[in-house]
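The values are calculated or read from the model by the stated rules, or taken from the named source; none is laboratory data. Keep in mind it's a predicted model, so treat the numbers as computed, not measured. Here the Cβ is made from the backbone with ideal geometry for all residues, glycine too, and neighbour counts use every protein chain on show. Each accessible area value is taken on the protein alone, full model and side chains, heavy atoms only, with ligands, DNA and RNA left out. Shrake-Rupley method; radii C 1.70, N 1.55, O 1.52, S 1.80 Å.
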Amino acid sequence: MEKQRHNSGKYHREQSSSRRSLKRKLNEERCEDRGCVGGESPVASQQDLMRDIQAQVEILDSVFSASERDRASAKHAIHVLSELAKNEDMVNLIVDYAAVPVLVKHLQAPPPLLMDGEGGSRSYEYEVEKGSAFTLGLLAIKPEHQQLIVDAGALPHLVDLLKRHSDVPNSRVVSGVIRRAADAITNLAHENSSIKIRVRVEGGIPPIVELLKFADSKVQKAAAGALRTLAFKNDENKNQIVECNALPTLILMLRSEDTATHYEAVGVIGNLVHSSPNIKKEVLVAGALQPVIGLLRSCCSESQREAALLLGQFAATDSDCKVHIVQRGSVPPLIEMLHSPDTQLMEMSAFAIGRLAQDPHNQAGIAHSGGITPLLKLLESKNGSLQHNAAFALYGLAENEDNVADLIRVGGVQKLQDGEFIFQPTRDCVAKTLKRVEEKINGRVLSHLSYLMRMGERNVQRRVALALAHLCSPDDQQTIFIDNNDDLDYNFLFPPHSPRISTGLALLLELLESTDAKHQRDSSMALCRLANKASSLSSIDAAPPSPIPQVYLGEQYVNNPTLSDVTFLVEGRRFYAHRICLLASSDAFRAMFDGGYRERDAKDIEIPNIRWDVFELMMRYIYTGSVDVNLEIAQDLLRAADQYLLEGLKRLCEYAMVQDISVENVSLMFELSEAFNASNLRDACILYILDKYKKLCVMPWYSQMVHRILPETRSYFVRVLYHRPNHAELRR
């Protein structure tokens with residue numbers, strides 16, 4: 001079941017981290033360098049920009065020296081390019097003018113100037129290198145330029161810049177260049193597996209891990225961002241990060257009050273453990289669980305989201321880990337997150353709860369903490385992954401029988417049945433959840449539900465009645481819907497001699513008569529389901545009855561004057577018959593010939609109001625025990641069969657008419673069933689009206705029709721539930 005879950009656990013951490021880092025870098029750069037060249041010309045033509053870019057590239061290509069003048073020129077040229085590169089529309093133009101090779105060249109410091117035989121210092125120490133790293137990082141935002149920058153030789157120089165903190169400890173300038181180098185590596189390696197490998201080969205991972213301990217928090221965050229990207233879907237990088245002892249520092253960063261710091265740290269850990277069971281165990285052993293749970297209450301929604309996702313991944317380790325996560329207080333904040341307006345936050349919390357809910361020890365606690373209602377609400381989402389995570393969580397909770405009544409009480413069965421689910425695996429999951437609930441409805445669960453149906457609030461009573469109609473066992477239907485005939489208010493509406501019914505059936509009929517369309521629909525579906533479960537062969541599908549066992553004269557004597565002792569006049573035509581055959585066929589003919597009627601001794605008996613073809617078919621049935629009834633003659637033949645008390649022929653007519661019931665004629669069919677006491681046809685009409693609610697409810701006469709059939713519907717369910725028919729009974 002868990003394998004059906006969609007890719008919530010594969011949420012793209014790397015992309016969100018890189019884009020967030022870029023936004024942070026741009027904002028910080030504007031704050032640090034406000035008022036410089038990039039902002040001086042609000043309007044510039046394309047040709048002016050092209051000339052400007054070309055000029056800056058030429059400057060950078062010609063001023064690679066340690067002189068103060070050249071360093072100042074290089075710094076200014078790089079700054080112009082970086083300001084332009086902040087506009088993604090300019091990036092391709094900058095690359096087209098061959099800016100990448102000269103920027104890479106300026107990642108390394110030029111040889112120092114020598115004065116009087118002693119080593120001199122460089123002007124603008126590290127500032128040119130910092131600007132180059134930052135600008136290359138901006139160009140690398142576009143994936144098509146990543147490999148070009150690496151092929152130009154940027155990586156070795158960037159890795160070398162990461163190690164500069166040992167040159168001048170606690171220097172603001174050094175911190176800046178290190179941070180820009182780390183950010184550049186992040187953007188170069190973003191979604192580029194080959195460059196991730198190159199970073200490791202160039203020895204970039206150990207210095208990045210070491211920077212996690214750097215005094216400047218901005219450097220820490222930049223290093224964590226780089227590790228986050230390098231660890232994503234790269235097992236060798238993951239292993240080296242762990243081997244470099246990154247976990248203790250990352251776990252300490254999880255406890256930081258700075259939201260950006262713990263956000264980056266939880267992202268790194270998440271990418272490390274994803275699809276890596278051994279690293280996941282190491283992370284747990286290192287003590288990450290409690291600080292990750294603590295992040296569920298972070299004021300940073302991104303940290304909350306990452307923490308929830310990470311807990312879901314931890315929960316896949318083993319059953320004990322699931323239990324420990326719940327015991328340490330994760331459930332309340334996760335449930336709070338289900339109410340968030342942030343779709344991704346809801347998705348990740350539902351994912352974590354879904355994983356936790358698969359352990360029996362956690363299921364009652366999650367439900368008791370209020371998890372069922374918000375999960376049901378998420379089923380209404382238009383987000384397929386969110387729907388699926390919620391459905392998967394509910395599937396787990398439904399395993400615990402203590403949760404079943406609560407799920408039904410809040411309308412869970414109706415939401416599961418009515419949901420419009422985007423993914424097929426979600427629909428499969430919901431079907432399995434309903435099946436799981438159905439299997440639990442017995443014993444004390446059924447007793448609890450029966451109590452709620454009798455004593456709960458009206459809305460709760462209705463939800464329980466609807467759910468039981470769909471899910472209870474056929475063996476329990478009579479007990480639930482007939483035997484507990486305690487609904488005095490509803491029974492009072494019917495004549496004293498009517499069979500009593502229970503609260504359950506009363507509630508369903510009450511909803512059917514409601515003016516609320518949803519109530520009518522829910523009741524129709526529930527009653528239809530109840531009827532179908534009561535008998536696997538309902539009246540609407542019943543085959544025509546077999547002939548009643550008796551002796552028939554046979555086809556050769558139909559309208560045969562041989563030995564005829566009575567003649568019928570039908571539409572002016574004579575029909576020859578035999579009294580002995582008629583006497584054996586029905587009480588109506590016995591009364592005609594044995595009673596005090598004038599037909600007793602008459603030789604010719606006039607038959608009014610019956611067509612010749614109808615009378616002939618009726619007599620053929622009397623002589624043979626069977627006839628083929630077509631739709632054109634069925635209604636008139638039914639009238640004749642009722643008049644002459646030929647029950648077998650009535651059944652044949654009813655069966656033919658049942659096949660013809662439609663939206664347009666169901667009202668007429670029900671009237672005919674009432675007029676001629678055609679119980680099979682009446683029951684079929686009732687079931688058709690319940691089954692075809694969606695088509696019938698738009699008819700102007702629908703409400704009146706429901707009111708008309710209500711007493712017969714009540715009687716029908718009393719009959720089928722109290723005496724559930726077997727196949728033989730339906731055919732008699």
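Taking 18 Å as the cut-off, the amide N atoms of the stretch 265-292 that come nearer than this to a point 7 Å along the Cα-to-beta-carbon line of Asp320 belong to 277-290.
Starting from 0.36 nm per residue, how many nanometres of slack lie between Ser703 and Gln47 once their C-alpha separation is accounted for? Walk me through the numbers on the way to the answer.
On the way: separation 656, 0.36 × 656 = 236.16 nm, distance 7.53 nm.
Extra length available between Ser703 and Gln47 comes to 228.6 nm.
Note on Leu583 and Asn560: the model spin-label points, each 7 Å out from Cα along the C-beta direction, lie 2.0 nm apart. Here's the picture: charge each Lys and Arg Cβ at +1 and each Asp and Glu Cβ at -1 in the chain, and of Leu247, Gln643, Leu617 the one pushed furthest to the positive end of that dipole is Leu247. Straight-line cross-link partners of Lys281 among the lysines, defined as a Cα under 17 Å from its Cα and at least 8 positions apart when in the same chain: Lys238, Lys322. Counting only Cβ charges, +1 for Lys and Arg and -1 for Asp and Glu, the dipole size of the stretch 649-703 around its Cα centre is about 120 debye.
Multiply the residue separation of Tyr451 and Glu144 by 0.36 nm, subtract the distance between their alpha-carbon atoms, and state the gained length in nm to one decimal. Write out the running numbers ahead of the final one.
Numbers: separation 307, 0.36 × 307 = 110.52 nm, distance 6.68 nm.
So the extension gain works out to 103.8 nm.
The value of relative contact order for the chain, using C-alpha pairs under 8 Å at least six residues apart, is 7 percent.
Between Ser662 and Gln290, the modelled label-to-label distance comes to 7.5 nm, taking each label 7 Å out from Cα in the direction of the beta carbon. Each label was represented as a point 7 Å from its Cα along the Cα-to-Cβ direction; for Cys300 and Asp151 these points are 3.7 nm apart.
With a/c under 1.5 counting as rounded, go ahead and sort the stretch 393-443 into rounded, prolate or oblate using the C-alpha gyration tensor (a ≥ b ≥ c being the square roots of the eigenvalues; past the cut-off, prolate if a/b is larger than b/c, else oblate).
Details: a/c = 2.19, a/b = 1.66, b/c = 1.32.
Prolate, because a/c is 1.5 or more and a/b exceeds b/c.
Pulled fully out, how much extra length does the chain show between Arg521 and Ser473, if you take 0.36 nm times their separation in residues and subtract their Cα-Cα distance? Intermediate values should be presented prior to the final figure.
Working: separation 48, 0.36 × 48 = 17.28 nm, distance 2.21 nm.
Using 0.36 nm per residue and subtracting the Cα-Cα distance, I get 15.1 nm.
If you take the square roots of the eigenvalues of the alpha-carbon gyration tensor of the stretch 236-336 and sort them as a ≥ b ≥ c, do you get rounded (a/c under 1.5), prolate (a/b over b/c) or oblate? Don't jump to the answer; show the numbers that get you there.
Details: a/c = 1.88, a/b = 1.17, b/c = 1.61.
Oblate.
What's the angle, to the nearest 10 degrees (0 to 90), between helix 343-356's Cα axis and the longest principal axis of the chain? Long axis of 343-356 versus the principal axis of the chain: about 70 degrees. Computed log10 I(q)/I(0) for the chain at 0.05, 0.09, 0.10, 0.12 Å⁻¹: -0.48, -0.88, -0.98, -1.19, from the Debye equation with unit scatterers placed on every C-alpha and solvent omitted. Against the main long axis of the alpha-carbon atoms of the chain, helix 384-397 sits at an angle near 70°.
Do any GluC sites (Glu not before Pro) in the stretch 262-358 lie in a DSSP loop with no more than 14 other beta carbon atoms within 10 Å, and if so, which? Show your work: numbers first, answer last.
On the way: sites: Glu264, Glu282, Glu302, Glu306, Glu336, Glu347; in loops: none.
The qualifying sites: there are none.
Once you order the gyration tensor axes a ≥ b ≥ c over the Cα atoms, which shape class does the stretch 582-692 get: rounded for a/c under 1.5, otherwise prolate or oblate by comparing a/b with b/c?
Working: a/c = 2.49, a/b = 2.22, b/c = 1.12.
Prolate is the answer for the stretch 582-692, as a/c is 1.5 or above and a/b outweighs b/c.
Counting only protein chain heavy atoms and rolling a 1.4 Å probe, the accessible areas of Asp613, Asp642 rank, largest first, as Asp613, Asp642.
Counting only lysines at least 8 places from Lys213 when in the same chain, those with an alpha carbon closer than 16 Å to its own are Lys163, Lys221.
Give the accessible area for Met455 in Å² (nearest 10); use a 1.4 Å probe, count only protein heavy atoms, and leave out ligands, DNA and RNA. The accessible area of Met455 comes to roughly 120 Å². Summing charges over neighbours of Asp683, with a neighbour being any other residue whose Cβ is under 9 Å away from its Cβ, gives +1 when K and R count +1 and D and E count -1.
So for the chain, taking the charge dipole from beta-carbon charges (+1 Lys/Arg, -1 Asp/Glu), which of Tyr688, Ala286, Gln387 sits furthest toward the positive end? Working it through, the farthest residue towards the positive pole turns out to be Ala286.
Helix-only estimate, please: 222 nm mean residue ellipticity of the chain, summing -39500 (n - 2.57) across DSSP H runs of length 4 or more and dividing by its residues, to the nearest 500. Helix contribution divided over all residues of the chain: -19500 deg cm²/dmol.
The region of the chain that goes longest without hitting one of the chymotrypsin sites (Phe, Trp or Tyr not before Pro) in a DSSP loop, each with at most 10 other Cβ atoms within 10 Å, is 1-491.
The Cβ shell under 11 Å around Lys105 holds other residues with a net charge of -2, Lys and Arg each +1, Asp and Glu each -1. Ordered from highest to lowest accessible area with the whole protein assembly present and a 1.4 Å probe, Thr259, Thr229 read as Thr259, Thr229.
With charges only on Cβ, +1 for K and R and -1 for D and E, what is the dipole size of the chain about its Cα centre, in debye, rounded to 20? Numbers along the way, then the final one.
Numbers: 83 positive and 93 negative charges, 195 e Å.
My answer is approximately 940 debye.
Across Ser673, Ser585, Ser369, the residue with the most accessible area heads the list, and the full order at a 1.4 Å probe is Ser369, Ser585, Ser673. Taking a point 7 Å from the Cα of His368 along the Cα-to-Cβ direction, the residues of the stretch 383-412 with backbone N closer than 20 Å to it are 394-410. Compute the acute angle (0 to 90°) between the alpha-carbon long axis of helix 301-315 and the principal axis of greatest extent of the alpha-carbon atoms of the chain; round to the nearest 10°. The answer is roughly 70 degrees. Couplings 3J(HN,Hα) of the stretch 571-577, computed from phi: 6, x, 10, 8, 10, 7, 9 Hz, in residue order, whole Hz [Karplus 6.51 cos²θ - 1.76 cosθ + 1.60, θ = phi - 60°; x for Gly and Pro].
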